[in-house]
Amino acid sequence: MTYDRILFVDDEQNILNAVTRLFISDPVEVLTASSALEGMELMKINTVSVVVSDNMMPGMNGIDFLEWTKTVSPDSVRILMTGYADLHSAIESINRGEVFRFVTKPWDDNELRQIVLDSIDKFKIVSSIKSADEAKLLSLAQTIELKDPYTKGHCERVAKYALMLVHTMDMTDDMKKNIKYGSWLHDCGKIGVPEIILNKPGALDDEQFDTMKKHSRWGADVAKTAQLPEPIVNIALYHHERFNGEGYPLGLKGMNIPLEARIVAIADAFDAMTSDRPYRQKLTDKEAIDVLEKGKSASFDPALVDIFITALAEGACNIGHDK
């Protein structure tokens, strides 16, 4: 069996021992290095899914090391871990090292472990996208759904509804394929959202909702890292924008929201409403259609809502699903 490799770089041996023990029950291989130079040698001879580096080390610091890893292993997910947390370091690590997460010492064991395992999922998504392995890509999207059992099958159904909507539209086959992949991946940013938030039975508080909203940016980051076509990035980033400009993350309005994102927003909302969730029971199709009707020009593109409702009434749900 081939295990995903995690590389931890820290000049304190007790830290390296602690993180190694943390993953003793997981199907991963933990590599450790006591300096950036030692980490470089390991990166040259190993395929590393995730690299976690301390910042303040003798010689090369963590930010410089993570920036270097982009040249030898651009798909590796980078995490900076430091006891000297400050805004400047966070910004610099994100801008120069394209760091996925910023972890402070002392860390919470469960949180660190989950961040690293989520990062492995991100690496797998990027790798499978680049290899054009469609079956593996869908499988990974389904794996992310397992973090929230109430969304099982959601990405496939969103793709089905989105393709149903575009069936009668003048759209290229490439765009339809991008919409299918974008539908599968629209929530892939949830790999960064704690399960306690995803599975909360009641309404999220403001802080939790702010964390949840970040999934659209995180998902777009995955798509950009994999150098996916712009429509797929747009779907991940903008599928929670609202037609009246009151959505997130950018508050885009009307036709400023890319068409592909407006399409997936309707498909996403319809499937969410007609599925059971921790905080409510599912609606019937008719009840969900009523919500879409009421949401015209507020949440959704009114013209696309009309096309969707017509297609749904014609029983076109499976059109294009397997294409």
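The values are calculated or read from the model by the stated rules, or taken from the named source; none is laboratory data. Keep in mind it's a predicted model, so treat the numbers as computed, not measured. Positions of Cβ are generated from backbone atoms using ideal geometry, with glycine treated the same way; all protein chains shown enter the neighbour counts. All accessible areas refer to the heavy atoms of the entire protein, side chains included, with ligands and DNA or RNA removed. Shrake-Rupley method; radii C 1.70, N 1.55, O 1.52, S 1.80 Å.
Using the per-residue mean of other Cβ atoms lying within 10 Å as a proxy for protection, in what order, highest first, do the peptides 23-34, 55-66, 264-275 fall? It would help to have the intermediate numbers written out before the result.
Numbers: 23-34: 15.5, 55-66: 19.1, 264-275: 22.2.
My ranking of the peptides, most packed first, is 264-275, 55-66, 23-34.
Nearest 5 is fine: what % of DSSP beta bridges in the chain come out antiparallel, could you say? Walk me through the intermediate numbers first.
Values: 1 of 21 bridges.
DSSP beta bridges in the chain are roughly 5 percent antiparallel.
Could you tell me how many degrees, from 0 to 90 and to the nearest 10, lie between the Cα long axis of helix 134-145 and the main elongation axis, the longest principal axis, of the Cα atoms of the chain?
Tilt of helix 134-145: around 80 degrees.
Mind checking the angle between helix 109-130 and the chain's longest principal axis? C-alpha axes, 0 to 90 degrees, to the nearest 10.
The angle comes out near 60 degrees.
Taking 0.36 nm per residue of sequence separation and subtracting the Cα-Cα distance, how much length would be gained by fully extending the chain between GLN227 and ALA203, in nm to one decimal? Don't skip to the answer; put the middle values down first.
Working: separation 24, 0.36 × 24 = 8.64 nm, distance 3.52 nm.
Stretched out fully, the GLN227 to ALA203 stretch lengthens by 5.1 nm.
For region 165-296, what does the alpha-carbon gyration tensor say about shape, rounded, prolate or oblate, given a ≥ b ≥ c as the root eigenvalues, a/c under 1.5 as rounded, and a/b over b/c as prolate?
Values: a/c = 1.64, a/b = 1.15, b/c = 1.42.
Oblate is the answer for region 165-296, as a/c is 1.5 or above yet b/c matches or exceeds a/b.
Using a Förster distance of 45 angstrom, determine the FRET efficiency expected from the C-beta separation of MET40 and LEU250, and round it to 0.05. Before the final figure, lay out the partial values.
Numbers: r = 38 Å, r/R0 = 0.84.
About 0.75, to the nearest 0.05.
Compute log10 of I(q)/I(0) for region 163-204 with the Debye formula, placing one identical point scatterer on every Cα and leaving out solvent, at q = 0.24, 0.31 Å⁻¹, to two decimals.
-0.79, -1.06
Mind running the shape call on region 1-71? Use the C-alpha gyration tensor, a ≥ b ≥ c as the square roots of the eigenvalues: rounded below 1.5 for a/c, prolate if a/b tops b/c, oblate otherwise.
Numbers: a/c = 2.34, a/b = 1.30, b/c = 1.80.
Oblate is the answer for region 1-71, as a/c is 1.5 or above yet b/c matches or exceeds a/b.
Let me have the 222 nm mean residue ellipticity of the chain computed from DSSP H runs of 4+ only, each contributing -39500 (n - 2.57), with the sum over all residues rounded to the nearest 500. Working shown, then result.
On the way: 15 runs with 171 residues, N = 323.
Here the helix-only value at 222 nm equals -16000 deg cm²/dmol.
What is the P(r) of the chain, as percent of Cα-Cα pairs per 10 Å bin from 0?
Per 10 Å bin, starting at 0, the Cα pair percentages come out as 6, 25, 31, 21, 12, 4, 0.
Tilt of helix 285-294 relative to the longest C-alpha principal axis of the chain, in degrees (0 to 90, nearest 10)?
Orientation of helix 285-294: about 90 degrees from the principal axis.
When the accessible area of the chain is computed with all protein chains present and a 1.4 Å probe, what percentage of it is carbon and sulfur?
The C+S portion of the solvent-accessible surface of the chain is 51 percent.
Taking the mean number of other Cβ atoms within 10 Å as a proxy for protection, how do you rank 207-219, 174-186 from highest to lowest?
On the way: 207-219: 17.2, 174-186: 22.8.
Output ranking for 207-219, 174-186: 174-186, 207-219.
List the residues of region 226-246 whose backbone N lies under 17 Å from a point placed 7 Å from the Cα of ALA303 along the Cα-to-Cβ direction.
243-244
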